[in-house]
1. Which cross-chain or sequence-distant (5 or more) residues have an amide H under 5 Å from the amide H of Tyr20, H modelled 1.01 Å from N in plane?
2. Quick one: how many lysine pairs does the range 16-140 have with C-alpha atoms less than 24 Å apart and a gap of 8 or more or different chains? Give me the count, please.
3. Remind me, relative contact order of the chain in percent, using alpha carbon pairs under 8 angstrom and six or more residues apart?
4. Would you mind checking the radius of gyration and Dmax of the chain based on alpha-carbon positions, in Å?
5. Just to check I understand the Karplus step: with θ = phi - 60° and J = 6.51 cos²θ - 1.76 cosθ + 1.60, what whole-Hz values come out for the range 86-93, glycine and proline as x?
6. By how many nm would the segment from Lys121 to Glu39 lengthen if fully extended, with 0.36 nm per residue of separation less the alpha-carbon distance?
7. Exposure proxy check: Lys101, Lys76 ranked by fewest other beta carbons within 10 Å?
8. Based only on other Cβ atoms within 10 Å, what is the fewest-to-most ordering of Asp70, Asp88?
Amino acid sequence: AVPKYTHHEEPPNGYFRLLYGRAPMHTFGRTTNNPLLAELMPENEVWINTDVAKIYGIKNGEYVVLVNQDGVKTNKVRAKVTERIRHDCVYMVHGFGHSDKRMKRSYLRGANDNDLITKIKVDPIMGGTGMRGNFVTFERATQQVADTEGVV
């Protein structure tokens, strides 16, 4: 049977589609505790469209908390205000925001995209999972990032 195209769900008002990807210096979430690689990229950022940031009063480099459509919140994450992202999406690098204290360099540094993926759709023909159907909004960050200064 030929697959039938269906429109993707649109984000609710005030929410943005969560996109995630990789960084060239890190392999999934396994290398964020590596001292040399953590020096290159110690935490992830959330990319926010310039026009959206203006509406929300978010400045480049400011910390925000992401909240998904089911109320799940992240650790605070630094905003990267950019025109290189669509107005209806946000983007972040996967593999950060670990909650295991043994991850000394990445413990609570940045946001964990896994926590925000609470809705998954399965393709009925091939069984692939669609995880880009989750939406987030922003809150002001009040929590502190774990201090990893001096960790070797």
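1. Result for Tyr20 returns Met92.
2. 13
3. 30
4. Radius of gyration, then largest Cα-Cα span, for the chain: 16.4, 59 Å.
5. For the range 86-93, the Karplus curve yields 4, 5, 9, 9, 10, 9, 8, 7 Hz.
6. Here the segment from Lys121 to Glu39 would lengthen by 25.9 nm.
7. Starting with the residue having the fewest Cβ neighbours, the order is Lys101, Lys76.
8. In increasing order of surrounding Cβ atoms, one gets Asp70, Asp88.
None of the figures in this text is laboratory data; all of them are computed from the coordinates on show. Quick caveat: nothing in here was measured; it's all calculated off a predicted structure. Virtual Cβ from ideal backbone geometry, glycine too; neighbours counted across all protein chains shown.
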